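J.: One structure follows; several queries about it will come next.
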Amino acid sequence: MRNKVAATAVLLIGVIAPVRNHSKLMHELLKDPLLGNKFDAPWNTHNQREDDLHAYKENLPSWMNAYFDWHADQRLNPTNETQYIVIRCLYGEKCQGLTDRLKTLPYYVLLANATQRVLLFSWEKPAPLEEFLIPPPKGGLDWRVQGTPVTNADIHQKKIFDGFCLKNTRGISKDCFHDLSTNPEWTSMKVLPVHAKGGRVTFGWAYQWDQLAWVEEEQHPQHYDIFSDVYKLLFRPSKGVQSMIDLEMERMKLYPGQYVYAHVRARIPDVLTKGLQHKFGKRKTRHLDKNGIASNDLKGGLPFRGQVKEHILSVVQNAIHSAALLGGSDLSKNSRSVHEDHALPIYLVSDTKEAVEHVLKESSGGHSRHLNESTNSLASLDRSLNIVASNWTEDILHIDYDGWKGRDPIDFYPAFVEMFIMSKAKCAAFGVGGYGRFPVRIGSINCTFQHHNDDGTINTFLSLNESLK
């Protein structure tokens with residue numbers, strides 16, 4: 001199956017399978033004036049509801065819609081009194097990954113509204129945000145620095161607000177929030193940079209959102225209830241990312257809302273270590289390598305062998321099993337086939353390409369497998385599943401590694417492509433970390449199951465009704 005997938009990719013564009021080794025060719029492809037007309041429905045996903053921005057505003061509180069209108073007016077008719085708030089990520093700063101940078105969007109809108117500032121985003125690391133995401137062309141919030149008087153020096157100034165008024169990870173400081181809105185130390189700054197950092201402080205964003213009803217008279221909706229709408233009013237894929245999305249969805253024959261995804265995050269060092277200890281016992285867990293794996297979550301290069309390989313494949317097998325049940329497959333011992341009318345394709349996503357390659361190779365011919373721990377191979381199950389995956393030539397690059405400076409932005413497209421494709425699925429079986437869960441919020445996916453925990457343990461999916469309780 002893997003050879004067939006790779007061959008299909010080359011037939012389509014000649015470069016999409018080894019995309020990261022062919023950045024120059026991809027640039028030439030994106031200049032093709034026929035590209036925008038080449039992929040119409042059903043794969044050209046940007047022609048769907050994303051263009052109906054009014055529908056997204058219906059669920060938002062009135063103050064947020066008023067802010068969007070005010071923001072648009074300030075962009076068109078700025079005055080000397082217009083002030084700006086810039087969510088920045090610079091090289092040398094710890095900004096965390098894609099999910100941690102973006103999951104606070106409603107809070108950033110709240111912060112900008114409370115301080116009466118025009119909300120902007122500016123990334124250096126790994127590349128300008130506009131390389132991956134752009135504002136909707138009509139009716140969305142234009143967050144780009146371009147077209148404003150904000151300078152590079154303004155963005156890089158040393159005085160910066162950390163973005164969170166936290167007393168602790170589960171509380172807010174009203175005095176801090178009020179101070180930001182009234183204290184001349186802050187209000188005198190025409191441009192207020194805010195650090196787009198994740199990590200520990202991101203645990204406070206949802207609590208702040210839910211507890212800040214004192215900022216506005218009306219009651220706040222739940223953060224998750226409006227996140228998808230806010231996201232789509234701010235972002236759509238850039239031309240390059242959108243083109244790769246359409247090419248990938250066509251190659252895999254994935255239709256929005258007619259597939260499920262199985263996500264496996266394998267390279268978080270402490271979770272992997274705990275998982276190995278759960279599986280093999282602390283005394284029997286062998287050292288991964290002489291240098292450990294502390295940096296592999298950012299740099300890649302996870303040693304896919306021995307106990308690591310056996311453990312990761314068991315996590316992948318459980319993820320596929322969960323996704324298959326979510327997708328309507330009958331995995332009972334008495335059934336030797338998928339129910340054609342109900343089963344959906346499974347889009348497999350992992351930060352370890354060796355694991356994906358292993359599954360695709362072992363599932364050649366459309367037969368899904370499960371792990372045989374004694375041989376480190378996949379033994380046939382009594383069913384066939386349609387498992388597909390993006391055929392990248394490298395592990396997905398973590399965007400918060402300073403060592404990537406100077407790399408072509410196209411090298412980072414796959415993370416955004418996968419995120420978007422996952423967000424269009426009907427159901428989601430996700431593992432640890434935010435990368436697999438974030439598309440659920442973007443796409444408002446209600447059919448979900450978490451198959452892997454932060455303590456390294458695995459959750460067994462029993463039935464569709466079990467996951468939807």
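J.: Which one is modelled with the highest pLDDT among residues in the range 78-112 that are closer than 18 Å to Met189 by Cα and assigned to a helix (DSSP H, G or I)?
T.: Step one: of the range 78-112, the residues closer than 18 Å to Met189 by Cα are 78-88, 108, 111-112.
This time we only want the ones that are assigned to a helix (DSSP H, G or I), so: 108, 111-112.
Numbers: Tyr108: 86, Leu111: 83, Ala112: 90.
Step by step, filter the range 78-112, then rank; the result is Ala112.
J.: While we're here: If you check Phe227, Phe235, which single one turns out to be at pLDDT 80 or above and touching a Gly at 6+ places or on another chain (Cβ under 9 Å)?
T.: After ruling out the rest, the residue left standing is Phe235.
J.: Would you pick out the residues in the range 41-77 that are of a type in the set (Gly, Ala, Ser) and modelled with pLDDT of 95 or more?
T.: Hit for the range 41-77 is Ala72, nothing else.
J.: Hey, another quick one. Any residue in the range 148-163 that is in contact with a helix residue (DSSP H, G or I) (Cβ under 8 Å, 6 or more places away or on another chain), open to solvent by less than 50 Å² (accessible area, probe 1.4 Å), modelled with pLDDT under 95 and assigned to a loop (DSSP other than H, G, I, E, B)?
T.: From the range 148-163, those in contact with a helix residue (DSSP H, G or I) (Cβ under 8 Å, 6 or more places away or on another chain) are 148, 161-163; that's our starting set.
Now narrow it down to the ones that are open to solvent by less than 50 Å² (accessible area, probe 1.4 Å): 148, 161, 163.
Applying the additional criterion that residues be modelled with pLDDT under 95 yields 161, 163.
Next, from what is left, pick out any that are assigned to a loop (DSSP other than H, G, I, E, B): 163.
Among the residues of the range 148-163, at least one is in contact with a helix residue (DSSP H, G or I) (Cβ under 8 Å, 6 or more places away or on another chain), open to solvent by less than 50 Å² (accessible area, probe 1.4 Å), modelled with pLDDT under 95 and assigned to a loop (DSSP other than H, G, I, E, B), which makes the answer yes.
J.: Please go through the range 431-447 and pick out each residue that is in contact (Cβ under 8 Å) with a residue 60 or more places away in the chain, open to solvent by 10 Å² or more (accessible area, probe 1.4 Å) and more than 17 Å from Thr104 (Cα to Cα).
T.: Correct list: Cys447 only.
J.: So which residues in the range 136-147 are at pLDDT 90 or above and open to solvent by 10 Å² or more (accessible area, probe 1.4 Å)?
T.: Once the filter is applied, which keeps residues that are at pLDDT 90 or above and open to solvent by 10 Å² or more (accessible area, probe 1.4 Å), the range 136-147 yields Pro136, Gly140, Asp142, Arg144, Val145, Gln146, Gly147.
J.: Oh, and also: Within the range 237-262, can you find the residues that are crowded, with 22+ Cβ neighbours inside 10 Å and under 18 Å from Arg101 (Cα atoms)?
T.: Pro237
J.: Related question: Cβ-Cβ under 9 Å, sequence separation 6+ or interchain: first residue in the range 184-197 and assigned to a helix (DSSP H, G or I), partner among the small types (Gly, Ala, Ser) and surrounded by fewer than 16 Cβ atoms within 10 Å (Cβ to Cβ). Which pairs?
T.: Thr187/Ser181
J.: For the range 48-71, enumerate the residues that are within 27 Å of the chain's Cα centre (by Cα) and open to solvent by 40 Å² or more (accessible area, probe 1.4 Å).
T.: Our first condition is that a residue be within 27 Å of the chain's Cα centre (by Cα); within the range 48-71, this holds for 48-61, 64-65, 67-68, 71.
Of everything in the range 48-71, those that are within 27 Å of the chain's Cα centre (by Cα) and open to solvent by 40 Å² or more (accessible area, probe 1.4 Å) turn out to be Gln48, Arg49, Asp51, Asp52, His54, Lys57, Glu58, Asn59.
J.: For the range 311-411, please list each of the strands (runs of 3 or more DSSP E) lying entirely inside it that holds at least 1 residues being open to solvent by 10 Å² or more (accessible area, probe 1.4 Å) and at pLDDT 85 or above.
T.: In the range 311-411, 346-350 are the strands (runs of 3 or more DSSP E) which contain 1 or more residues that are open to solvent by 10 Å² or more (accessible area, probe 1.4 Å) and at pLDDT 85 or above.
J.: Answer yes or no as to whether Gln116 is touching a helix residue (DSSP H, G or I) at 6+ places or on another chain (Cβ under 9 Å) and more than 24 Å from Ser228 (Cβ to Cβ).
T.: Yes: the conditions hold for Gln116.
J.: Next question. Looking at the range 109-125, I want the residues that are over 19 Å from Gly140 (Cβ atoms) and have a partner that is charged (D, E, K, R) and in a loop (DSSP other than H, G, I, E, B) with Cβ atoms under 7 Å, at least 6 apart or on another chain. Which pairs are those?
T.: If the second residue must be charged (D, E, K, R) and in a loop (DSSP other than H, G, I, E, B), the pairs left are Lys125/Asp400.
The values are calculated or read from the model by the stated rules, or taken from the named source; none is laboratory data. If you're wondering where the values come from, they're calculated on a predicted model, not measured in any experiment. Every residue, glycine among them, receives a Cβ derived from its backbone with ideal geometry; neighbour counts consider all protein chains shown. Heavy atoms of the whole protein, side chains included, go into the accessibility calculation; ligands, DNA and RNA do not. Shrake-Rupley method; radii C 1.70, N 1.55, O 1.52, S 1.80 Å.
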